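Colleague: Below: one structure in structure tokens.
The values are calculated or read from the model by the stated rules, or taken from the named source; none is laboratory data. It should be emphasised that the depicted structure is a prediction, and the values quoted were computed from it without experimental measurement. Neighbour counts run over all protein chains shown; Cβ positions are idealised from the backbone, glycine included.
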């Protein structure tokens with residue numbers, strides 16, 4: 001059940017058999033959440049952290065006028081609210097963007113890990129640090145990259161993150177977000193998103209057909225995006 005989590009953590013460092021067994025023992029029963037439902041609500045005080053097993057989720061904030069800004073996308077293998085363990089109160093919501101399968105780990109079990117398993121603690125800490133690194137890249141993209149580069153960078157990032165947890169099919173991956181949701185990700189109008197997509201299609205670096213994105217020219221897509229995956233910490237080394 002936790003294969004994606006193990007693949008995620010093992011892309012950064014080697015897990016011992018004992019650590020793998022411990023993770024398997026603390027992950028609770030899985031459940032299905034429908035698209036459009038909150039996985040975690042803003043203002044809540046979770047007593048467990050949620051592990052995304054399948055599907056796409058999004059962190060988001062709502063403005064007073066009802067407009068939504070998506071601030072991160074979560075993929076299988078992500079602890080979507082691990083930071084809630086020390087922070088206690090959620091300052092944003094996390095929404096299921098597709099049908100999702102999730103499981104939970106009680107904060108009491110996470111507390112025990114921090115006491116008895118320092119290496120595993122560091123790997124889980126690294127997971128939240130990478131969340132922060134992804135946020136920085138998104139801020140740079142919104143503030144300084146063109147919308148073409150911004151969208152290309154997001155596609156590069158998702159492809160790399162999904163590939164490490166074996167959720168790609170060659171150069172393609174499932175992408176269940178609507179164009180309206182993608183406009184919320186980029187912080188643009190739907191009209192502006194369509195113009196951006198039309199511009200990128202001329203480059204023939206990728207296609208987005210229905211719910212599938214296919215990368216046609218990885219080198220060109222990286223060049224358009226200015227994408228460097230170093231912020232995802234994908235080297236396996238002692239942590």
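Colleague: Condition check: surrounded by 12 or more Cβ atoms within 10 Å (Cβ to Cβ), under 16 Å from residue 124 (Cβ atoms) and modelled with pLDDT of 95 or more. Does residue 22 satisfy that?
Modeller: Answer is yes for this residue.
Colleague: Residue 82 versus (1) at positive phi; (2) under 14 Å from the mean Cα position of the chain (by Cα): which is the lone unmet condition?
Modeller: (1)
Colleague: Could you run through the stretch 86-121 and say how many residues are more than 30 Å from residue 168 (Cβ to Cβ), surrounded by 14 or more Cβ atoms within 10 Å (Cβ to Cβ) and under 18 Å from the mean Cα position of the chain (by Cα)?
Modeller: Count: 1.
Colleague: If a residue has to be in a helix (DSSP H, G or I) and over 13 Å from the mean Cα position of the chain (by Cα) to count, how many in the stretch 150-171 make the cut?
Modeller: The total comes to 4.
Colleague: Okay, moving on. Does residue 236 qualify as being touching a helix residue (DSSP H, G or I) at 6+ places or on another chain (Cβ under 8 Å), crowded, with 17+ Cβ neighbours inside 10 Å, touching a residue at least 12 places away in the same chain (Cβ under 8 Å) and part of a loop (DSSP other than H, G, I, E, B)?
Modeller: In short, no.
Colleague: Residue 210 - would you say it is surrounded by fewer than 17 Cβ atoms within 10 Å (Cβ to Cβ), at pLDDT 95 or above and either under 16 Å from residue 74 (Cα atoms) or not assigned by TED's automatic domain parsing to the domain that holds residue 82 (or both)?
Modeller: Here the answer is no, as residue 210 does not meet what is asked.
Colleague: How many of the residues in the stretch 172-206 are surrounded by fewer than 15 Cβ atoms within 10 Å (Cβ to Cβ), in contact with a helix residue (DSSP H, G or I) (Cβ under 9 Å, 6 or more places away or on another chain) and not in a helix (DSSP H, G or I)?
Modeller: 2
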